[in-house]
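Let me begin by presenting the structure, written as structure tokens, before commenting on it.
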Amino acid sequence: MTSVVALVAGVGVTSTCGMYSPSEAGDKGSNVLATPMALEQIDRGLQAELQEALVGLDLQPLVRRQQIGVALVDLTVPEALRYAGVNDDVMFYAASLPKIAVLLTVFEKIEAGEIDDSGALRRTLTDMIRVSSNSAATRAIRLVGFDSIAETLEKPEYRLYDLTGNGGLWVGKAYDPTPAVRRDPLFNYSHGATARQAARFFALLDKGLLVSQERSHEMLEILGDPGIQHKFVRGLANRPEATIYRKSGSFRQHHADAALIEHDGHRYIAAALVDDPRGGRILEKLILALDDIIVAGDAVEATARR
């Protein structure tokens with residue numbers, strides 16, 4: 001993979017697929033995913049803008065300590081997808097964000113005829129996602145089991161958890177006081193994610209590649225109309241023209257958000273995880289900067305081309 005070197009605000013930063021170099025941040029490995037929407041190709045311009053935004057938000061210390069991971073995917077031109085990431089292959093404790101893995105597994109079972117679809121089940125899944133109900137998530141987890149969740153995430157056509165690389169989405173514990181049953185094999189997280197794999201979930205969903213076109217659309221509908229007004233949602237509250245499909249997570253200093261966002265003729269995916277007590281506020285500011293990159297930045301380029 002190609003290394004991208006950006007000089008931002010006088011600070012030299014080297015990024016290999018979005019990760020800072022081992023000399024700066026510790027080597028956690030890198031792996032090209034031989035799967036659809038692998039997001040392994042960095043767009044140099046978008047990467048430079050992302051890194052500049054992180055500098056502007058004074059997040060360099062968190063970046064260097066690998067306490068923040070970010071992935072950004074511009075889907076506006078479908079045949080010319082653009083990707084950028086910083087610490088995007090670093091595994092974080094992700095709290096409720098990995099409930100999207102439970103959603104996917106349930107829909108896999110519905111499609112296979114192993115679970116009866118019902119209004120009650122749809123309400124459980126909607127509550128699990130939109131208001132992040134832990135009791136609903138626990139019911140859904142017990143319906144499919146941890147082995148099925150792991151098998152779904154590791155499927156070659158998804159590879160949302162990569163055993164040969166940097167991990168990814170993982171659920172190995174119910175969202176209740178019971179102990180973890182199946183922690184992730186690489187980093188021992190009960191609920192984990194990398195920014196890249198969280199972004200890939202939404203990229204696969206956008207292309208109709210999760211279960212089927214129809215099921216992908218149904219999952220996307222559940223991810224719409226967020227019921228918790230914080231992080232990305234609060235950050236974009238003053239941009240009512242933005243439509244958000246998202247899942248977030250919060251536990252103590254661990255904060256995460258991932259979303260597919262439609263705004264003013266643009267479509268993009270943003271995923272970010274932060275290990276810091278200020279994480280919620282950081283994500284509010286970050287999404288505004290990312291939205292500016294995709295939406296306002298494009299307008300500036302269009303003006304310059306005239």
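Computed values, structure above
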quantity	calculated
The lone exception for His266 - which of (1) in contact (Cβ under 8 Å) with a residue 60 or more places away in the chain; (2) under 17 Å from the mean Cα position of the chain (by Cα) it fails	(2)
Residue, nearest to His191 (Cα to Cα), within region 226-254, restricted to residues that are assigned to a strand (DSSP E or B) and without any contact (Cβ under 8 Å) to a residue 60 or more places away in the chain	Arg246
Where a residue in region 108-120 is in contact (Cβ under 8 Å) with a residue 40 or more places away in the chain and its partner, wherever it lies, is in a helix (DSSP H, G or I), with Cβ under 6 Å and at least six apart	Glu108/Thr152; Glu111/Arg215
Near pairs, Cβ below 8 angstrom, 6+ apart or cross-chain, from region 145-173 (over 13 Å from Ala193 (Cα atoms) and among the aromatic types (Phe, Trp, Tyr)) to any residue that is in a helix (DSSP H, G or I) and modelled with pLDDT of 95 or more	Tyr158/Leu104; Tyr158/Thr152; Tyr158/Leu204
Matching entry among Leu290, Leu220 (being part of a helix (DSSP H, G or I) and surrounded by fewer than 17 Cβ atoms within 10 Å (Cβ to Cβ))	Leu220
Any hit, region 160-180, residues being over 29 Å from Leu290 (Cα atoms), modelled with pLDDT under 95 and touching a Pro at 6+ places or on another chain (Cβ under 8 Å)	yes
Long-range neighbours under 9 Å by Cβ, at least six apart or interchain, first residue over 14 Å from Leu72 (Cβ atoms) and outside any helix (DSSP H, G or I) within region 32-48, second modelled with pLDDT of 90 or more and of a type in the set (Phe, Trp, Tyr)	Thr35/Tyr158; Pro36/Tyr158; Glu40/Tyr83
Selected residue [at pLDDT 95 or above, among the aliphatic types (A, V, I, L, M), crowded, with 21+ Cβ neighbours inside 10 Å and out of contact with any Cys (no Cβ under 6 Å at 6 or more places or on another chain)] from Ala84, Ala112, Ala120, Ala48	Ala84
Condition check for Ser212: more than 21 Å from Asp257 (Cα to Cα), polar (S, T, N, Q) and touching a helix residue (DSSP H, G or I) at 6+ places or on another chain (Cβ under 7 Å)	yes
Scan of region 51-81 for residues that are at pLDDT below 95, aliphatic (A, V, I, L, M) and not in a loop (DSSP other than H, G, I, E, B), ordered by number	Ala80
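The values are calculated or read from the model by the stated rules, or taken from the named source; none is laboratory data. In this text, all values refer to a predicted model and were calculated from it rather than measured experimentally. So basically every Cβ, Gly included, is an ideal-geometry build from the backbone, and we count neighbours across all protein chains shown.
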